[in-house]
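Reviewing the structure listed below.
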Amino acid sequence: MLGYRPLVYFWIAEYTDGSALPQFDPETGRENRFSEVDQRKLERFGCYPFTPELAKKIYDADGILVIPTSSKSYVIEIQNGQKLVAHRTCSIKLHMHNGGVERGETVYVLGVEGGKILRIDEEGNVINDSG
């Protein structure tokens, strides 16, 4: 059994100079860290579903299991001075009687601070939004 829920979305940061930083390199499958995103130059930020080809590259590169889907992509525009909100949440239930652990569905959170925030489930549906 996996110790984590497989990802169904990955991010791509797009910059004002036309360059981009993807969470996973499309050529090698290697992961870039979110801390590498240059917030000062950020113009767009999106969550994208994995293709089967990228999922294979990621697994071959680092042994990370991700799930390819045909879910909708979500992209937000970042205006000058706005702060990106992007993270994943997942609930964990501990079963004290039998020592089991149950991991709830991952929710992808995407938006801008003080603005609209999307909460996207693993099937690609917006489960609520604010702003």
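Compute the length gained on full extension between I64 and Q82: take 0.36 nm times their separation in residues and subtract their Cα-Cα distance, giving the result in nm to one decimal. Let's see the in-between values first.
Values: separation 18, 0.36 × 18 = 6.48 nm, distance 3.19 nm.
In short, 3.3 nm is gained.
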Subject >> Longest site-free stretch - the chain; sites: trypsin sites (Lys or Arg not before Pro), DSSP loop, at most 16 other Cβ within 10 Å >> reply: 34-71
**OP:** Any chance you could give the angle, 0 to 90 degrees and rounded to 10, that helix 52-62 forms with the longest Cα principal axis of the chain?
**Re:** 70
Original post:
Taking neighbour counts of Cβ atoms within 10 Å as a proxy for exposure, in what order, fewest first, do H97, H87 appear?
Top reply: H97, H87
Original post:
GluC sites (Glu not before Pro), restricted to region 1-41: which are DSSP loop and have at most 11 other Cβ atoms within 10 Å?
Top reply: E27
Original post:
V112's amide H: which non-local residues (gap 5+, or another chain) put their own amide H closer than 5 Å, with H modeled 1.01 Å from N in plane and none for Pro or chain starts?
Top reply: V85
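Throughout, read-outs are computed from the coordinates displayed, never taken from laboratory work. A quick note: this is a predicted structure, and the numbers were derived from the prediction, not measured. Note that each Cβ is placed from the backbone with ideal geometry, even for glycine, and that neighbours are counted across all protein chains shown.
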